[in-house]
Amino acid sequence: GKYKIQAKEIETELKMHTLYADSFQSLVDNIRLRQHEFDNHINTIYSQHFIYNTFDDLVAAQRNYCQIITKENRFNRLLAIENPIVIGFLYGKFIEADKLGIDVSYKISVKGMKLNVPTYKLVEILGDLINNAIEELKRAANSRRLYVAMEEKDGDIKIEVRNESEFIDYNELEKFFTKGYSRKGNNRGLGLYNIKNICDDYGLCILCSNIEIEGINWISFTIEKTKETI
């Protein structure tokens, strides 16, 4: 009954905490390490004016150094999320993508999770979407960018996962959510079929579309709360 389902959800959440605790701690430890190095970085940037003879050379050197520091700390903003499981999961996925040479960017402008979806279901959704995007980018010749967003919209959370992609006909996009549908050897259909079922169970809407950004086509998956109709 209802209590058995709740007990199962609590058990699954505890397993998730254990599974992603190391990843979360890894991010925290990395931030603490960088914090200890902060004074050294400031001194290095400041002392560069003793090394370079021209203003342009100094500016270029400081810009390059700051870009390196920024890149090393680019995943720290994940801590804006007040959910260690989601933080640990996303950090692990971003590191995985980064090691594959995929350019990961993200926008997190939420703290709590207001989707009314159990955390382990949210991880399933994010996992399937990000895994699909990574597989597509690994297969593509020139597309190497992945974008993940979790933003607050009208008091609710909107999730978006998108990746650079060739334009996909809308008739084919609709097939993505069919159980077992496969595109060029990719099992995308299984994951998206699972996501569609989760969305239906929890009153969420999932939308897949082509979007063009600066002349580049992306495949975008967005999930948000279904609008109530009167």
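The values are calculated or read from the model by the stated rules, or taken from the named source; none is laboratory data. Model, not experiment: these values are computed from the prediction. Virtual Cβ from ideal backbone geometry, glycine too; neighbours counted across all protein chains shown. Surface areas here come from the heavy atoms of the whole protein model, side chains and all, with no ligands, DNA or RNA. Shrake-Rupley method; radii C 1.70, N 1.55, O 1.52, S 1.80 Å.
Suppose we filter Ile157, Ile206, Ile223, Ile219 for residues that are surrounded by 16 or more Cβ atoms within 10 Å (Cβ to Cβ), modelled with pLDDT under 85, assigned to a strand (DSSP E or B) and not hydroxyl-bearing (Ser, Thr, Tyr); which single one remains?
It is Ile157.
Quick one: is Leu90 of a type outside the set (Phe, Trp, Tyr) and buried (at least 19 other Cβ atoms within 10 Å of the Cβ)?
Judged against the criteria, Leu90 is a match.
Gly180: at pLDDT below 75, more than 20 Å from Val117 (Cα to Cα) and open to solvent by 40 Å² or more (accessible area, probe 1.4 Å), yes or no?
yes
Starting from residues that are assigned to a loop (DSSP other than H, G, I, E, B) and modelled with pLDDT under 80, keep the ones in the stretch 72-109 and report whichever is farthest from Asp200 (Cα to Cα).
Going through the qualifying residues, I end up with Asn73.
Residue-by-condition table, conditions (1) open to solvent by 60 Å² or more (accessible area, probe 1.4 Å); (2) at pLDDT 90 or above:
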site: Lys111; (1), (2): yes, no
site: Lys121; (1), (2): no, no
site: Ile130; (1), (2): no, yes
site: Ser143; (1), (2): no, no
